[in-house]
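Report on the following structure.
The values are calculated or read from the model by the stated rules, or taken from the named source; none is laboratory data. Since this is a predicted model, take the numbers as computed values, not measurements. Here Cβ is always computed from backbone atoms with ideal geometry, including for glycine, and neighbour counts include all displayed protein chains.
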Amino acid sequence: MKTPLTLFAGLDLLTSAVIVLDAEGSILFANAAAENLLDSSFKSLTHLKLTDLFLNGQELTAVFHQAVAHQFADKRQDLTLERAGREPLHVHSIVTALDNPDTPVLIELRENVQQLKLDREERMLDQSKANKELIRNLAHEIKNPLGGIRGAAQLLELELPERHLRELREYTQVIIKEADRLQTLVDRLLAPHRLPHIVGDVNIHEVCERVRSLIVAEFPQGLSIKRDYDLSIPEFRGDKEQLIQTVLNIAHNAAQALSERIRQGDAVLTFKSRVVRQITLAKVRYRLALDLHIIDNGPGIPPEIRNRIFYPLVSGKEGGSGLGLTLAQTFVEQHMGVIECESRPGCTDFRILIPLP
């Protein structure tokens with residue numbers, strides 16, 4: 001007689017999570033995908049019941065009992081399943097009644113990728129709004145006393161005794177120059193909120209070519225820039241200068257991260273454009289959207305800052321201001337779009353999505 005382990009062993013080949021239960025709701029089998037999704041080993045799962053898996057599994061349990069009673073062949077629904085101390089699971093569940101009294105119910109759970117994407121975008125939007133508010137408040141708080149410090153240093157310099165002017169003026173000049181440097185930083189922090197949103201017709205490939213010429217001029221040797229364009233992408237209304245700055249900030253960061261590969265002569269930076277259809281951006285559904293990728297074959301973003309790269313003043317390189325990606329995110333959001341990033345050693349992919357007419 002075949003055991004559930006041998007009977008359902010083929011289910012280990014599936015990428016979706018599958019669990020098989022008896023009539024009492026005890027788990028008899030769980031495939032490898034279920035182990036990954038539920039963060040539990042096969043041995044641990046087979047000591048549990050369906051009711052042990054989730055804090056809010058009443059709806060799934062009710063459907064399970066209906067399947068045991070053969071009230072349907074299979075039933076599908078989208079669920080958000082909560083777990084103690086872990087992220088909720090957004091899944092599409094399929095409960096199937098099997099024609100076997102020993103293993104009467106099979107449940108398949110597929111992660112709802114779209115819901116995960118929406119949740120991630122919502123978190124990014126909330127984070128971006130909080131960042132902007134923090135930047136504005138902090139910049140204004142710094143700006144006012146900064147002017148006073150600079151002015152006081154200038155007045156102090158005028159009052160210095162002539163016999164000590166040269167040696168003491170060195171110190172007042174340090175104060176003035178550092179105040180000017182901080183003023184420049186504050187102006188950069190406030191710039192995205194001050195600049196007018198100049199709207200015109202934008203061809204995204206002209207933007208990419210402009211950035212390409214700037215990168216080639218700075219890195220003429222050892223860096224190959226590939227172009228993979230969909231030339232059917234229509235023009236759209238936007239601020240061309242903002243978009244050039246956005247793509248340049250990302251591409252320049254990538255080129256700097258590729259320094260070792262540039263020395264080796266095998267650095268590659270890729271501009272790739274596509275169109276996506278029926279996509280939701282910032283909770284709004286659009287028929288068409290630009291899908292622009294800026295990809296490099298560098299070492300990847302350090303894991304310790306990977307989830308914070310769009311935060312202001314977070315930088316992965318020594319001496320970096322940590323404002324380039326924050327500005328890029330702000331400019332893309334002003335075009336009703338979103339910016340995402342996936343990174344691993346050998347491939348970092350920044351993706352810009354902007355609605356098209």
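Before we move on, is Ser273 of a type in the set (S, T, N, Q), modelled with pLDDT of 90 or more and crowded, with 19+ Cβ neighbours inside 10 Å?
On the way: of a type in the set (S, T, N, Q): yes; modelled with pLDDT of 90 or more: yes; crowded, with 19+ Cβ neighbours inside 10 Å: yes.
The answer is yes for Ser273.
Restricting to the stretch 232-250, and then to whatever is over 11 Å from Ala328 (Cα atoms) and not basic (Lys, Arg), can you tell me which residue is surrounded by the most Cβ atoms within 10 Å (Cβ to Cβ)?
Going through the qualifying residues, I end up with Gly238.
From the residues in the stretch 313-330 that are over 13 Å from the mean Cα position of the chain (by Cα) and surrounded by 18 or more Cβ atoms within 10 Å (Cβ to Cβ), which one is modelled with the lowest pLDDT?
First, the residues of the stretch 313-330 that are over 13 Å from the mean Cα position of the chain (by Cα): 313-324, 327, 330.
Filter again for surrounded by 18 or more Cβ atoms within 10 Å (Cβ to Cβ), leaving 316, 323-324, 327, 330.
Working: Gly316: 57, Leu323: 70, Gly324: 77, Leu327: 82, Thr330: 83.
Out of the qualifying residues, it is Gly316.
So, of the residues in the stretch 46-73 that are outside any helix (DSSP H, G or I) and aromatic (Phe, Trp, Tyr), which turns out to be surrounded by the fewest Cβ atoms within 10 Å (Cβ to Cβ)? Outline the logic, then answer.
Pass one, the stretch 46-73, residues outside any helix (DSSP H, G or I): 46-49, 54-57, 69-73.
Next cut, aromatic (Phe, Trp, Tyr) only: 54, 72.
Working: Phe54: 20, Phe72: 12.
So the residue we want is Phe72.
Assigned to a loop (DSSP other than H, G, I, E, B), surrounded by fewer than 20 Cβ atoms within 10 Å (Cβ to Cβ), in contact (Cβ under 8 Å) with a residue 24 or more places away in the chain and not aliphatic (A, V, I, L, M): does that describe Gln221?
Yes, satisfied.
Do we find that Arg227 is assigned to a strand (DSSP E or B), touching a residue at least 40 places away in the same chain (Cβ under 8 Å) and farther than 13 Å from Ile352 by Cα in this structure?
yes
Do you know which of the residues in the stretch 28-39 that are crowded, with 18+ Cβ neighbours inside 10 Å and among the small types (Gly, Ala, Ser) is nearest to Leu98 (Cα to Cα)?
If we take residues in the stretch 28-39 being crowded, with 18+ Cβ neighbours inside 10 Å and among the small types (Gly, Ala, Ser), then Ala30 is nearest to Leu98 (Cα to Cα).
Select from the stretch 185-235 the residues that are at pLDDT 90 or above and in contact with a Gly (Cβ under 7 Å, 6 or more places away or on another chain) and list them in ascending order.
Val202, Gly222
Condition test on Ala23, is it among the small types (Gly, Ala, Ser) and assigned to a helix (DSSP H, G or I)?
No, not satisfied.
Can you tell me how many residues within the stretch 132-164 are modelled with pLDDT under 75 and either of a type in the set (D, E, K, R) or touching a Cys at 6+ places or on another chain (Cβ under 7 Å) (or both)?
Qualifying residue count, the stretch 132-164: 6.
Does the stretch 257-265 contain any residue that is in the same structural domain as Phe219 (by TED's automatic domain parsing), touching a residue at least 60 places away in the same chain (Cβ under 8 Å), outside any strand (DSSP E or B) and within 19 Å of the chain's Cα centre (by Cα)?
Checked the stretch 257-265: at least one residue is in the same structural domain as Phe219 (by TED's automatic domain parsing), touching a residue at least 60 places away in the same chain (Cβ under 8 Å), outside any strand (DSSP E or B) and within 19 Å of the chain's Cα centre (by Cα).
For the stretch 74-96, which residues satisfy the criterion of being assigned to a strand (DSSP E or B), among the aliphatic types (A, V, I, L, M) and farther than 23 Å from Val20 by Cβ?
Correct list: empty.
Among the residues of the stretch 286-308, are any within 22 Å of Arg212 (Cβ to Cβ), among the charged types (D, E, K, R) and not in a loop (DSSP other than H, G, I, E, B)?
Yes - at least one qualifying residue is present in the stretch 286-308.
Out of curiosity, is Asp291 charged (D, E, K, R), over 14 Å from His252 (Cα atoms) and at pLDDT 90 or above?
yes
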